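Student: My questions all concern the structure below.
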Amino acid sequence: IDSHMAHLPEKMSLQMVSTIHNSSLIQPGFSLLSFDGQVFFFGQKGWPKRSCPTGIFLLDFKKEGLKLKPAFFSKDSCYLPPLRYPAICTLKGSTGLPEKCQYIIHGGKTPNNELSDKMYLISMVSKNSKKVTFRCVEKELVGEVPEARYGHSINVVHSQGKHMIVIIGGRSYMALEQRTTENWNAVVDCRPHVFLIDPEFGCCTSYAFPELQSGFSFHLSLVQNDTIYVLGGHSMENNTRPPNLFRIKIDLPLGSPAVSCCFLSGGISVSSAIMTQTGNHEFVVVGGYHSDNQKRMVCNTVNLEENKIEILEREPPEWTQEIKHCKIWFGNDMGNGTVLFGIPGDNKQLISDANYFYLLKCQGESDKDSEQMAQMCSQSSTEDGGESTPFEDSEEFSFSFDVNDIDTYNEDEEEDKTDTGYWITCSAGCDIDINTWVPLYSTELNKPAMIFCSNGDGHWVHAQCMDLSEETLIHLSEVNIEYFCTEHISLARGLQTPREIPPLAKKPIKALRRKKSLKAVTPAKKSCIRKLFE
């Protein structure tokens, strides 16, 4: 019994991220990269701005808040567009040193919704307290190059001292000859082929197997030495999520690679899930979907042993009511058994794409290198909405968050408001109490909405205590005008000066007739006129 209890998984903990700066950059389809114990964000919404032309940011967590700090590229780097829904995995150098770690990025969507068929290698070249510099190189591919796609997976297998890049699954746009104006952005499953790519020369070879009949995307994949396990996925052809569990074994002798595929029992039906590594051979599967409009609230532990995989159900964390009732959720693996995920805010929020975000810790604190934890685990970067309906496997487990309180304030006023707090007695009739408060507005989650009164030095008041309607509160947040609370509105009116009436515009009077310019008279004409008068 003691031995059994010692192997019980740790209980997962859930923590809300209270404040996020520059959160509008992070939208569905983002990726997270771990370098030297730090986590970087890639795949922003829209094209990069001058403030961060690389589109890569350091995730800086402080006091339950999150800031995005720009990273830089070396002068010999190629251009890397902000790709959403790409396939990403790590490629270790031959020395195995952490500083030699590289990330492979393949496919994905650009901000123009164009699909990429390119492969990039990105590595960290320098780092100090103020600046992190990366180097990005495009890898040229030849041979049977995989078509442009997204929602696929990429892994690196090792066999007999060699290693090979493997690409599986994904979605792509319909073939040009089949596209019309009505279905121009329609996507289909890529052919269910397994692509092997030589990391040194970029030579690509595709393999087809009878076990892989239907295409799939937004699945999970695990690699152990020369074996890849594929879990779940969504098939667009018949809109199903079959309980897939495939084992693909790749042997790399001196000649041609030997590739085999077999179907295993005991798979799980899920798409757009997140996988994080919690031990040398242990992984945790969180979230995802059973169907287009049904989230998967259960969690699983995946144990990998030599030529064996075991999937067990695991006790989920205590989901909040907001998480339970939302229709979609999304996120990504941060490494070290931690997942960053979010849920969409209400459609009536002040910011239309605002989201709430959480940190889900699947294990206790660990000193393991996050790059080592991410090395074996690869997952497609969660599903994209495209032109599909809101409940389809689409904007699922990619990342979009924008946590902003509904209070009308700017960054300069933020410190003053933090000191004041939400649970003050804002006015004589204030009845807001932290123990009894219930949200009134659709934009409120765990704090009451507040608004700034401009009387004197100014002070914060609760929107509920001011009897503001939701429409009025939203209007005040959108326009740049001063607000006065109920106790100071009469004083403010007395100080108002009469509105200045602009003078009437007088139209210029038109001249009745214009004087014709006198034409010059020649001497001959003068003599003729003189004779007439004589």
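Student: Could you calculate the contour length gain from Glu315 to Gln160, that is, 0.36 nm times the residue separation minus the distance between their Cα atoms, to one decimal place in nm?
Tutor: That pair, Glu315 and Gln160, stretches by 51.9 nm at full extension.
Student: Please list 3J(HN,Hα) in residue order for the stretch 423-432, calculated via the Karplus relation 6.51 cos²θ - 1.76 cosθ + 1.60 where θ = phi - 60°; whole Hz, with x for glycine and proline.
Tutor: Each residue of the stretch 423-432 in turn: 9, 8, 8, 7, 7, 4, x, 5, 10, 7 Hz.
Student: OK, next. How big is the Cα convex hull of the stretch 7-72 in projection, averaged over all directions, in nm²?
Tutor: Projected area, direction-averaged: 6.2 nm².
Student: What do you get for Rg/Rh of the stretch 227-350 when both radii come from the Cα atoms and Rh is the Kirkwood radius? Before the final figure, lay out the partial values.
Tutor: Working: Rg = 17.0 Å, Rh = 16.4 Å.
Checking Rg against Rh, the ratio lands at 1.04.
Student: Over all distinct Cα pairs, what is the inverse of the mean 1/r for the stretch 26-182, reported as the Kirkwood hydrodynamic radius in Å?
Tutor: Values: mean 1/r = 0.0594 Å⁻¹.
This gives a value of 16.8 Å.
Student: Could you sort His193, His290, His475 by accessible area so the largest value comes first, with the probe set to 1.4 Å?
Tutor: Largest accessible area first, the list is His475, His290, His193.
Student: Once you've got the Cα coordinates, tell me which of Lys92/Lys308; Lys63/Lys447; Lys67/Lys127; Lys62/Lys324; Lys67/Lys130; Lys45/Lys324 are over 20 Å apart.
Tutor: Lys92/Lys308; Lys62/Lys324; Lys45/Lys324
Student: Could you work out the relative contact order of the stretch 183-276? I mean the mean sequence separation of Cα pairs under 8 Å and 6+ apart, divided by the number of residues, in percent.
Tutor: The normalised contact order for the stretch 183-276 reaches 23 percent.
The values are calculated or read from the model by the stated rules, or taken from the named source; none is laboratory data. Since the structure is predicted, the reported quantities are computational estimates derived from the model, not experimental observations. Each accessible area value is taken on the protein alone, full model and side chains, heavy atoms only, with ligands, DNA and RNA left out. Shrake-Rupley method; radii C 1.70, N 1.55, O 1.52, S 1.80 Å.
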